[in-house]
Structures are given as C-alpha cells and as structure tokens.
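Quick note: the coordinates plus some simple rules give every number you see, no bench work behind them. What you are looking at is a predicted structure, and each value in this text was computed from that prediction instead of being measured. So basically every Cβ, Gly included, is an ideal-geometry build from the backbone, and we count neighbours across all protein chains shown.
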Amino acid sequence: MLMVGSNMTDFPVLSLHVGGEIARTKRAIIDPEDLRILAYTVGGPAIDNDPEAGDILDLSDVREISDIGFVIDSVDNLTTRNEVIKLDEIMALDFDLVGLKVVDQKGKKMGKVVDYTVDSGSFMVYQLIVQRPLMSSFIDPQLTINRSQIVEIDDFKVVIKHSTSKVKVPKKTEVPEEEFVPNFVNPFKKPDYAPSDEKVDSSSDTSE
C-alpha cells in the first residue's frame, strides 16, 4: 500500500520483546540514487539517544509495518550510522527530498516538494507531492509527480519530464508501476562526463 511520507515521521517503533513502543521515527534517510528510504533516525526514552552516533532504524530489520507503527524484534535491532557503511555514506550527503524545487526540462518552475508517497512494500518513494508557485496555485494548488517522470535529481532541484494532475489521496490497492531510477548528481564526486552531454542525451530520450 501507499503511505504519505509525513505520516511516517513521529511514527511508533514497536518491540516484540518489550511488547510496546520503544521509540519514534524522526528523519527519513533516503538514497538519492533510487529514492528508496533505507532507514529512519529514531529517538525515545527507552533508547540511548546518542547525539553523535544517533540511533537508527534500518528498514531491513522491520518485521511488519501497519497503521500502529514499525514492528521489530527488540531494541537490539537499532543501529548507528557508524555500524553501516552504506547508511553513513548516504547520511554524509545530507540529502533531503522535502524542500527541493521542481522544474521541467526547459527550466520552467513547477513548485517545490512538500511531501511524497511511499510504497510500504519496497519503501520506494512512489510520488512527489509538489506545492505550486503562488501565481499557479489558484488553478492547481498541488501536483503529484510519479517517479517515472523524474529525469534528474541534485542537491537543489528535481528535473521532470512534464507536470501531472492535482494531488489525490492514494488508495491502498494501488500498485506502483515499473520503477524508474532517477539520475542523482553527487556534488562530492567529479563527473566522468560533461554535464552538457547528459542534458543532450536526456532530452533526446524523452522527447515526444
């Protein structure tokens, strides 16, 4: 089923060992390469709350997700960024999907990301919920952008093929379409090719 990203923040983490809540989610750790949520930072009185290492819920350790929270075996399933190299690398990027501006391939401003929906089976970000600019908001206050429409992502913006319809509440029966892997431009890595070449290629591939 699809879940709204903001509803998964301050979401209970339940332990089978304790038989109740041990923490709450704080921030989603999203891999910008494929827009998959890998983990959540968590906090709560029942855990260490180490300000440096940070307590992290790796979603691969989640036994079940429901409307009452994430279910794990015990507090021992919680980890730190230093214990998982992949998570440490992603967190070092300090990538945050919410707040990124959205433009089309011609540079037209479509708005900014204010939320997203997630497939609870794969934890892939399925749709972006985009708040329209002031002058356009009277007609279309919000747009939904399917992940298949994403051309490129960097630290500042999301480039899409074209705009979509008004935002709607996702149905539990909706099944995500075939996944599209967006091209994330890592600012800490020197590109192996000229950015201008990529723009020419992406334009030719997506032209209608």
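What does segment 2-93 give for Rg and for Dmax, in Å, if only its C-alpha atoms count?
12.4, 36
So if the hydrodynamic radius of segment 61-130 is defined as the Kirkwood radius over C-alpha pairs, what does Stokes-Einstein give as its diffusion coefficient at 25 °C and 0.890 mPa s, in µm² per second?
On the way: Rh = 15.0 Å.
Here the translational diffusion coefficient equals 163 µm²/s.
How would you order 94-100, 141-147 from highest to lowest mean count of nearby Cβ atoms within 10 Å? Display every interim value, and only then the final one.
Details: 94-100: 14.3, 141-147: 18.7.
Per-residue Cβ counts within 10 Å, averaged per peptide and sorted highest first, yield 141-147, 94-100.
Lys and Arg at +1, Asp and Glu at -1: add these up for the other residues within a Cβ distance under 11 Å of ASN77 and post the number.
Details: positive: ARG63; negative: ASP55, ASP58, ASP61, ASP73, ASP76.
So the surrounding residues net to -4.
Where q = 0.16, 0.25 Å⁻¹, what log10 of I(q)/I(0) comes from the Debye formula for segment 1-41, counting one point per Cα?
-0.48, -0.91
Evaluate the distance, in nm, between pseudo-label points positioned 7 Å from the Cα of SER148 and of SER60 along their respective Cα→Cβ axes.
For the pair SER148/SER60, the computed spacing is 2.9 nm.
Listed highest first by mean packing, meaning other Cβ atoms within 10 Å per residue, what order do 59-69, 118-128, 81-91 come in?
Numbers: 59-69: 13.7, 118-128: 21.2, 81-91: 15.4.
Per-residue mean Cβ counts within 10 Å order the peptides as 118-128, 81-91, 59-69.
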